[in-house]
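Heads up, the thing below is written out as structure tokens.
The values are calculated or read from the model by the stated rules, or taken from the named source; none is laboratory data. Just so we're clear, the structure is a prediction, and the values are computed from it rather than from any experiment. Note: ideal-geometry Cβ built from the backbone for every residue, glycine included; neighbour counts use all protein chains shown.
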């Protein structure tokens, strides 16, 4: 590989290195990335005529647009100032292959397919073509930076891919390193684990991403591509926020604190599976209720909104509030049944149950954590007022 | 009509496969497998049914909740013939039937049929990701709108019902706020234990072309005046049948020497007037409503709404007269004096139409020929 340019992106506080490398070298890196990371492994569907043409063009030495990678967070802990990273350090970071593909997943798969096809072919002409193809250079851009939100912002503004990934998918990729490294007492379950959380601290990674997405967008429905222009400003602000603290970490540890508090207040309340089924209950214990995606999204969106309205400074304010949260008269059964009843009403009347429950939970958490609301820190009141607010939006 | 691929020339997707590793359906062109669209299937897979054993009918309603998933029972046969549910129920696990194996079996079939052979829907899609319903515009193309209602019926069950034709049940579905077209009415549904019961229109009324036209096209008529005329035509149709049947009864009585020639004129006079025939329709040509409060209230509600208009224009009916007289009086006023209805009352015609619609469905369903 040859590092041809290094530029520092002041906006997102990351170094961007432009590299030329032969297809041979890149395909080894790409094979490793796609096999190691389950998110990269998922082939974006849509292999149409366009990619068939690209495969043929690659064999003829066409130049494809730069593929954009990012170095995984844990590999950067030794670097305090990205501006001072040496070329040799960049090379060794890339050779470590601990990278994620930000843009160019489809092109990457196309490259891998071409190499594999030519390798598997028994035609001597193809063997010759393979030798040539391996030597063709492609351009790679690599971002080195700790600010993930900043990188997400960059991905959204510059993504010109044929089949752009959904924002959710991009966030999944960005935060995929949390899957392998446990976060204090929190453990993330992947889709392929095919299990539901069994104890407080376990979360389905996908659901957390959805909730975090809602925080970023201050909206329980998360970021949508169609709102991209509106979101850019949010992300710029968030990128600054993320400079001083890892807000993904703050988001999930705050929720974890909330779960623990609810478990404590309710004396580990639960009902049997049979009771839950008979009642059509949203969940049969605190974990089942509050670790669901609707809750995570509502939680994220509410805190995002409170921050936007400058009603809180940061997640620490919420963590402090959580310590004081309580049920009215300490009657947790009444409070929990009130919640289940509201959720059941929504289930029976909503055109889109998931969205409606998310909206309700957003209003609930806003009522609960807003110092200026009448329901501040009182769960029952927050449920009633949150539900009324939800109804008023219909 | 099937979905079409965005290839050179419109080519229908004709092959469907399910990838259990990713829980996705792949629609492809059998002669060009590289062209495909992929749609995620979020429900638990229950694939024991053969899709050819079912038929799918698309309906519409603005009045639905995601949880409105009902088993459809044919009232007279007393058997379940299928399921009806909003299309969102196929893309969500949040509703009550997400773990119901019986629903899931039908859902799996319905999903495939929606992709492979959507009736009355032709969509030109590129071979990219697609979704059953448009979801916030993220690189996906929604194939159906949110207000689509799926009616999936079992051919095996239907074969036990003689001469089954879904068209004969459109009035029943319409009275439950499920329509063949996009309309905006708001009838409450009668569901018992998640079961929706539907009854065919009377045998004597099947194959009436006007009824097909009404429930498949004219039902979208929204202007109260037009809608009134369109609905009242059903009463005209029915009282014509009353006339024809009564005339045959008179002829039969004459043949049987139960009446003499001199009496014929008098007999005919009894059924000649429209008003008298409407009364006969209400009283004798539909099964009794006694013992059935829901059916009885359809008539009392109709009378109430009609009388509001009649009182408002200064032409009240005798309070002892029934719904038949009231609707006939309204009809006359609308035909002859619509221009003189005060503006405030013109909107009331919509309320009359609401009740009139329910009455005509009832009359079509419970129409009989009296035995004496």
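Overview of values
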{"read-out": "Residue that is at pLDDT 85 or above and out of contact with any helix residue (DSSP H, G or I) (no Cβ under 6 Å at 6 or more places or on another chain), where the choices are A:15, A:69, A:105", "value": "A:69"}
{"read-out": "Test: residue A:198 is modelled with pLDDT of 85 or more and surrounded by fewer than 17 Cβ atoms within 10 Å (Cβ to Cβ)", "value": "yes"}
{"read-out": "Odd one out for residue B:96, checked against (1) within 11 Å of chain A (Cβ to nearest Cβ); (2) touching a strand residue (DSSP E or B) at 6+ places or on another chain (Cβ under 6 Å)", "value": "(2)"}
{"read-out": "Residue in the stretch A:326-345 that is within 24 Å of residue B:133 (Cβ to Cβ), away from chain B (no Cβ under 14 Å), out of contact with any strand residue (DSSP E or B) (no Cβ under 8 Å at 6 or more places or on another chain) and free of Cβ contacts under 8 Å to residues at least 40 places away in the same chain present", "value": "no"}
{"read-out": "So residue B:33, is it surrounded by fewer than 17 Cβ atoms within 10 Å (Cβ to Cβ), within 14 Å of another protein chain (Cβ to nearest Cβ), under 20 Å from residue B:113 (Cβ atoms) and modelled with pLDDT under 95", "value": "no"}
{"read-out": "Breaking point among (1) within 21 Å of residue B:92 (Cβ to Cβ); (2) modelled with pLDDT under 95, for residue A:359", "value": "(2)"}
{"read-out": "Conditions (1) closer than 18 Å to residue B:134 by Cα; (2) under 19 Å from the mean Cα position of the chain (by Cα); (3) modelled with pLDDT of 95 or more; (4) within 12 Å of chain A (Cβ to nearest Cβ): number failed by residue B:69", "value": "(1)"}
{"read-out": "Residue that is farthest from residue B:75 (Cα to Cα) [pool: residues in the stretch B:170-217 that are crowded, with 17+ Cβ neighbours inside 10 Å and without any contact (Cβ under 8 Å) to a residue 40 or more places away in the chain]", "value": "B:214"}
{"read-out": "Spans of helices (runs of 4 or more DSSP H) in the stretch B:219-323 with at least 1 residues at pLDDT 90 or above", "value": "B:224-255, B:274-283, B:293-312"}
{"read-out": "Qualifying residues in the stretch B:69-84 (those that are out of contact with any strand residue (DSSP E or B) (no Cβ under 6 Å at 6 or more places or on another chain) and at negative phi) - the one surrounded by the most Cβ atoms within 10 Å (Cβ to Cβ)", "value": "B:77"}
{"read-out": "Strands (runs of 3 or more DSSP E) completely within the stretch B:74-184 that count 1 or more residues being more than 25 Å from the chain's Cα centre (by Cα) and modelled with pLDDT under 85", "value": "B:130-133, B:141-144"}
{"read-out": "Residue match in the stretch A:292-306 (condition: closer than 23 Å to residue A:275 by Cβ, outside any loop (DSSP other than H, G, I, E, B), in contact with a helix residue (DSSP H, G or I) (Cβ under 7 Å, 6 or more places away or on another chain) and more than 14 Å from chain B (Cβ to nearest Cβ))", "value": "no"}
{"read-out": "Counted residues, the stretch A:254-285 - those being modelled with pLDDT under 95 and assigned to a helix (DSSP H, G or I)", "value": "7"}
{"read-out": "Some residue of the stretch B:42-65 being touching a strand residue (DSSP E or B) at 6+ places or on another chain (Cβ under 6 Å), within 14 Å of chain A (Cβ to nearest Cβ) and not in a strand (DSSP E or B)", "value": "yes"}
{"read-out": "Residues of the stretch A:275-291 that turn out to be out of contact with any strand residue (DSSP E or B) (no Cβ under 9 Å at 6 or more places or on another chain) and closer than 15 Å to residue A:258 by Cα, as a count", "value": "2"}
{"read-out": "Within the stretch A:268-282, considering residues that are free of Cβ contacts under 8 Å to residues at least 40 places away in the same chain and either more than 14 Å from every other protein chain (Cβ to nearest Cβ) or touching a helix residue (DSSP H, G or I) at 6+ places or on another chain (Cβ under 6 Å) (or both), the one farthest from residue B:95 (Cα to Cα)", "value": "A:268"}
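Yes/no per residue for (1) surrounded by 14 or more Cβ atoms within 10 Å (Cβ to Cβ); (2) free of Cβ contacts under 8 Å to residues at least 24 places away in the same chain:
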| residue | (1), (2) |
| --- | --- |
| A:71 | yes, no |
| A:79 | yes, no |
| A:82 | yes, no |
| A:87 | no, no |
| A:92 | no, yes |
| A:98 | yes, no |
| A:104 | yes, no |
| A:124 | no, yes |
| A:129 | yes, no |
